[in-house]
Amino acid sequence: MKYLPLEIVKEKALSLGFHDCGAAKAEQLCSKNFDNWISKGYNADMDYLSNYHSQRFNVCELLEDAKTVFSFVISYNTENQLEDSKVKIASYAQGKDYHKVIKQKLYALLEELKDLYPDLNAKICVDTAPVMEKHWAVKAGLGWIGKNTCFISPKWGSKVFLAEIICDYQSDYTQEVRNQCGNCRKCIESCPNQALNDQETGLDSNKCISYQTIENKEFIPDNIKLSNYIYGCDICLNTCIRNNKIPKVENEFSPSQEIKTLISKIENEELEKTDFNKVRKISAMERVKFEKFLSNIKGRK
């Protein structure tokens, strides 16, 4: 039996800047809730979410003979998240592009693991791969999915990125932790557009500020309140009591000077396309074009 101890993976992951790591047995996931969510149209026009359905729920189609999914957590709950600004950008997009940062860390981790286990066959996944990241993090015992449909780590809260390494080695599979949201509904009640509900469907993207300011390429409906957000949204994250006592971190996701300059230029009505392009080049804000960004600024109230 090919065996890779979780202890080794976690030790190396933490040394590279991840904050937690767990392991789950690679197996097919149930798609019932996801299919129900899609059938209700809660994915809005994000039709790509219906693509690669079988791969999304069966990691063995992404890696032949997959045995283990290692799940990783890294916090972006940094100091000085520009929360008092007149215009708001989701905190996950204020620093360096997490796709690039996390991929670099995972490749470095995988290289170290292959030095120890040369025949290790593995695939790394960061956000864009058709993988149910939150579900694997739950199965790996790292936390639970809250009522705002975001993953919540008991150690690091909900301002976290997730990533995975799928491999053909068995490991020490961690036990799932119970959902600790209880009767709390702060995230649901905080959404200005009532995008969240207590049902299994959870989030109606059509009403979500993040969807409207990023994914929606058409005009934002007049009834949607942006609450001064021009890219993404932190409202349901900021109201989550699990984030109250979580330690702040200082890493690549701390607000960049470019993002601070961009917000200052917007507040002073001095924004130029070059300011936007500087941020777009280094951050996770590559998903919108300048015209869409301007439209969000005009309709942010």
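Every number here is computed from the coordinates shown, using simple stated rules; none is lab data. As the structure is a prediction and not an experimental result, all values here were calculated from the model. No Cβ is skipped: glycine too gets one built from the backbone with ideal geometry, and neighbour counts run over all protein chains shown.
The charge dipole of region 89-150, taken about the Cα centre with unit charges on the Cβ atoms of Lys, Arg (+1) and Asp, Glu (-1), comes to about 280 debye, rounded to the nearest 20. Dipole magnitude for region 1-133: about 80 debye, using +1 per Lys or Arg Cβ and -1 per Asp or Glu Cβ, origin at the Cα centre. The residue list Gly17, Phe151, Ile230 was ranked by how far each Cα lies along the charge dipole of the chain toward its positive end, using unit charges on Cβ atoms, and Ile230 comes out on top. Checking Cβ-Cβ separations below 4.7 Å across the chain identifies Cys21, Cys30, Cys60, Cys125, Cys150, Cys167, Cys181, Cys184, Cys191, Cys208, Cys233, Cys240 as cysteines lacking any candidate disulfide partner.
Computed over all pairs of different Cα atoms, the Kirkwood value for the hydrodynamic radius of the chain is 20.2 Å. Taken over region 186-298, the convex hull of the Cα atoms encloses 127 Å³ per residue.
For region 123-140, the Karplus equation 6.51 cos²θ - 1.76 cosθ + 1.60, evaluated at θ = phi - 60°, returns couplings of 9, 9, 9, 9, 6, 7, 6, x, 10, 7, 4, 5, 5, 6, 5, 5, 5, 7 Hz by residue, with Gly and Pro reported as x.
Protection proxy ranking for 272-282, 142-152, using the average of other Cβ atoms within 10 Å per residue and placing the highest first: 142-152, 272-282.
For Asp20, the residues whose modelled amide H falls within less than 5 Å of its own, excluding neighbours fewer than 5 places apart on the same chain, are Val73. With a/c under 1.5 counting as rounded, go ahead and sort region 207-271 into rounded, prolate or oblate using the C-alpha gyration tensor (a ≥ b ≥ c being the square roots of the eigenvalues; past the cut-off, prolate if a/b is larger than b/c, else oblate). Because a/c hits 1.5 or more and a/b fails to exceed b/c, region 207-271 counts as oblate. Each Lys and Arg adds +1 at its Cβ and each Asp and Glu adds -1 at its Cβ; summed about the Cα centre, the chain shows a dipole of about 680 debye.
Annotation: amide H-H contacts under 5 Å for Thr78 (H modelled 1.01 Å from N, sequence separation of 5 or more, or interchain): Val249. Subtracting the Cα-Cα distance of Gln104 and Asn197 from 0.36 nm times their residue separation leaves 29.8 nm of extension gain.
Just so you know, the averaged projected area of the alpha carbon convex hull for region 1-100 sits at 9.7 nm². Report note on the peptides 203-216, 45-58: ranked by the mean count of other C-beta atoms within 10 Å, highest first, their order is 203-216, 45-58. Looking at Cys181, Tyr76, Ser39, which one has the Cα that reaches farthest to the positive end of the dipole of the chain (charges on Cβ: Lys, Arg +1; Asp, Glu -1)? Going by the charge dipole, the pick is Cys181.
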